[in-house]
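Structure record follows, encoded as structure tokens.
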Amino acid sequence: MHLYFRIHENKIIFAIAVVLILILVTTSSSRIFANTAAAGPKQQQLSTIANDTNNTIRSNSRLLSSSSTNTRPNILTDFNPSVIYPTISKFAYVDPLAVIIGDCEIGKLVLIAPFAVCRGDEGTPIHIGDYSNMQDGVLLHALETTAHGKNIDDRRYSAEGSLLKANDSEFKNGFAISVGDKVRLAHGVQVHGPAYIGNDTFVGMESLIFNAKVGKRVAIGVSSTVTDGVTIPDNKFVPPGSLITTQAQADALPARVGSPYEKINSFVLHVNQELAKGYNAQTIQKLATEMEEELEQEEMLQTGSPTGNPNGMASHK
């Protein structure tokens, strides 16, 4: 008899425990759903996309743009007194696995591949010109250009490629890193400011540029290092594996024309521009679809109709 009541009592306790667990799970799920529904619209905004040169993007296309964790502002420090968000052209493509932080300016039809990083949280600003690209694993970072509100000599380049002193009136418009137009930074390249790279230049895989200026139409071979304040003149070829640390070495470099790398930059520019266009078009189409679905859901909630039509009639698109 005692055994019967003990078994019956255990069943009652088990049933009560199951009911309590179901109540907790249901309550938690409701809270999660409510928080998600409330947060969604706050994290999204409509933006207008203008026509590109090939008219692949219509000017009246309204797209829903979600907040992104891979593009974010810098933090406040004694060498970064302002919080600045990255400036990215609507016609650039930043892969979801790339990271863009702080004062980075990204031009049009720039392709930033997976695991590439532009860290504008110390030496700033960083500029990447139109039609350029950062391949997988490229890293851009720089030494601080100010400290405790004071500018530091020789930490920024002008747009024309001149190192700037702290008291120069152009310092405020200078760049800790300036990457020109139609520049290719191949896989694994590191550019650490102060650094300047001129237009139409190719930097080969796993190369390092630090505290240096590279001219226009230069081709740098794989696994090369350019540093110690040198300037590579325009139209030069840096053979693979080179270590360029003196101006005499830089001046003695052979011409790009006639070298094995003579046309390498032109070969890869077209490919990467097409990738930037294609990836960007896919992103735009995806965002457009998300926006359309979001608007339909919002209309349904407002009208109380499963079709979004207060009369219950199906709408035609």
The conditions are (1) surrounded by 24 or more Cβ atoms within 10 Å (Cβ to Cβ); (2) under 28 Å from Ala276 (Cα atoms), and Asn199 fails exactly one of them. Which is it? (1)
Please go through the range 79-105 and give me each residue that is over 9 Å from the mean Cα position of the chain (by Cα) and among the aromatic types (Phe, Trp, Tyr), ordered by number. Phe79, Tyr85, Phe91
Exactly one of (1) at pLDDT below 50; (2) touching a helix residue (DSSP H, G or I) at 6+ places or on another chain (Cβ under 6 Å) is unmet by Gln43. Its number? (2)
Asn272 at negative phi, touching a residue at least 40 places away in the same chain (Cβ under 8 Å), touching a Leu at 6+ places or on another chain (Cβ under 6 Å) and buried (at least 17 other Cβ atoms within 10 Å of the Cβ): yes
Residues that are assigned to a strand (DSSP E or B) and touching a residue at least 40 places away in the same chain (Cβ under 8 Å), drawn from the range 105-134: Leu111, Gly120, Ile126, His127, Ile128, Asn133, Met134
Please specify each residue of the range 237-258 satisfying the condition of being out of contact with any Gly (no Cβ under 7 Å at 6 or more places or on another chain), buried (at least 16 other Cβ atoms within 10 Å of the Cβ) and more than 19 Å from Asp154 (Cβ to Cβ). Phe237, Gln249, Leu253, Arg256
Filter the range 89-104 down to residues that are part of a strand (DSSP E or B) and at pLDDT below 95, then give me how many there are. 2
Would you check if there is a residue in the range 149-163 being of a type in the set (Ser, Thr, Tyr), under 15 Å from the mean Cα position of the chain (by Cα), more than 22 Å from Ser82 (Cβ to Cβ) and not in a strand (DSSP E or B)? no
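Scan the strands (runs of 3 or more DSSP E) fully inside the range 165-250 and keep the ones with 2 or more residues being in contact with a strand residue (DSSP E or B) (Cβ under 9 Å, 6 or more places away or on another chain) and in contact (Cβ under 8 Å) with a residue 60 or more places away in the chain.
Numbers: elements: 177-179, 190-197, 208-214.
Because the criterion is at least 2 residues that are in contact with a strand residue (DSSP E or B) (Cβ under 9 Å, 6 or more places away or on another chain) and in contact (Cβ under 8 Å) with a residue 60 or more places away in the chain, the strands (runs of 3 or more DSSP E) in the range 165-250 that meet it are 190-197.
The values are calculated or read from the model by the stated rules, or taken from the named source; none is laboratory data. Worth saying up front: this structure is predicted, and the values here are computed from it rather than measured. Reconstructed Cβ throughout: ideal geometry from the backbone, glycine too, with neighbour counts over all protein chains shown.
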